[in-house]
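Can you keep this structure in mind? I'll have questions shortly.
All of the numbers you see were taken from the coordinates with simple rules; none came from a lab. Since we're looking at a predicted model, the values are computed, not measured. Here the Cβ positions follow ideal geometry from the backbone for every residue, glycine too, while neighbour counts run over all protein chains shown.
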Amino acid sequence: MALLQKRLLTAFAAGFGLSVLLAALEALRGRYVWEILQAPGFIAGASIWGVHSGGNRFEAVMVVVNGVVYSFLLLIARWLVRLAQK
């Protein structure tokens, strides 16, 4: 069970780190590719407060939602890599 917890913790840390990195890149280098990669969090924040609300709460929701989504995608990618190695 400890191995599963370690994998989950690693995936969540990497997912949230990637989410924070994307938010920082979008803030520093306002390119569309960073905005597209943040779409899941943007859609969640826009659904809660509206598209033009902005603010710290909106950004926090974006980072959390993107962190969960990217963590899940990293877990799937890791599972696929391990499956292909067998």
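Look at the range 14-45 and say how many of its residues are basic (Lys, Arg) and crowded, with 18+ Cβ neighbours inside 10 Å.
0
Could you check the range 54-71 and list, in sequence order, the residues that are in a helix (DSSP H, G or I) and surrounded by fewer than 14 Cβ atoms within 10 Å (Cβ to Cβ)? Reasoning before the result, please.
Within the range 54-71, the first condition is being in a helix (DSSP H, G or I), and the residues that meet it are 55-71.
Answer for the range 54-71, where residues must be in a helix (DSSP H, G or I) and surrounded by fewer than 14 Cβ atoms within 10 Å (Cβ to Cβ): Gly55, Asn56, Arg57, Ala60.
Separate question: Any chance you could count how many residues in the range 72-86 are in a helix (DSSP H, G or I) and surrounded by fewer than 13 Cβ atoms within 10 Å (Cβ to Cβ)?
Here the count works out to 9.
Being surrounded by fewer than 16 Cβ atoms within 10 Å (Cβ to Cβ) and touching a residue at least 40 places away in the same chain (Cβ under 8 Å) is the filter here; which residues of the range 1-13 pass it?
Applying the first criterion (surrounded by fewer than 16 Cβ atoms within 10 Å (Cβ to Cβ)) to the range 1-13 yields 1-10, 13.
Within the range 1-13, Arg7, Leu8 qualify.
Kindly list the number of the only condition in (1) assigned to a helix (DSSP H, G or I); (2) without any contact (Cβ under 8 Å) to a residue 24 or more places away in the chain; (3) among the β-branched types (Val, Ile, Thr) that fails for Val51.
(1)
Let me ask another. Please go through the range 18-42 and give me each residue that is touching a residue at least 12 places away in the same chain (Cβ under 8 Å) and in a helix (DSSP H, G or I), ordered by number. Show your work before the answer.
Keep residues of the range 18-42 that are touching a residue at least 12 places away in the same chain (Cβ under 8 Å), which gives 18-20, 22-23, 26, 34, 37-38, 40-42.
Correct list: Leu18, Ser19, Val20, Leu22, Ala23, Glu26, Trp34, Leu37, Pro40, Gly41, Phe42.
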